[in-house]
Amino acid sequence: EQAAAITTAIMQRARRQLWIHTRTLDPGLLDAPPALEALRCFGTARHDKQACLIVHDAAAIAAAGSPLLGLIQRLPTVFRVRQVTDPSDRALASACLINDVGDYYFRLSGLRPDGEAGLAQPARSRPLQDGLQRVWERSRDCSELRALGL
């Protein structure tokens, strides 16, 4: 319950950027109705914005058919997805959600909801964001999760 509440709050408070690091889109957390609604509002807001999602297993995400995947496919200019390829990045078990106002939710194990979170704490969120930026740069574009325009 607390994990869903902090996830939704971080998404709602984001102004222009979200960073999401997850193995398989965190079923039950990122696809919970309040979180999906917050992401939809973020993605359809009028100003320039971007959500960078770093995933580990695109095939599992595609097979699961998460409601979040539909949103990602409908708003490809907002939601950019990359899959980790570097062996050291693939070994990361953590999950993280960060926005551009200094909010963060870090989970040491991406398979569990317990972790560390804070609102308006840029001194703590900035190093996490820097780490995700480095993982992002080493990852590949995840084209298999894009919608096909037939």
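The values are calculated or read from the model by the stated rules, or taken from the named source; none is laboratory data. Predicted model only: the values in this text are computed from it and were never measured. Positions of Cβ are backbone-derived with ideal geometry, glycine not excepted, and every protein chain shown enters the neighbour counts. Ligands, DNA and RNA are excluded from the accessible area calculation, which covers all protein heavy atoms including side chains. Shrake-Rupley method; radii C 1.70, N 1.55, O 1.52, S 1.80 Å.
Checking each residue in segment 114-132 for being in a loop (DSSP other than H, G, I, E, B) and either under 22 Å from R40 (Cα atoms) or hydrophobic (A, V, I, L, M, F, W, C) (or both) picks out L119, A120.
The selection criterion, being more than 18 Å from R23 (Cβ to Cβ) and hydrophobic (A, V, I, L, M, F, W, C), holds for L71.
Condition first: acidic (D, E), out of contact with any helix residue (DSSP H, G or I) (no Cβ under 6 Å at 6 or more places or on another chain) and open to solvent by 70 Å² or more (accessible area, probe 1.4 Å). Now tell me which residues in segment 104-150 satisfy that. Selection gives D114, E116, E137, D141. Restricting attention to segment 64-95, the residues that are out of contact with any Gly (no Cβ under 8 Å at 6 or more places or on another chain), within 27 Å of P33 (Cβ to Cβ) and of a type in the set (S, T, Y) add up to 2.
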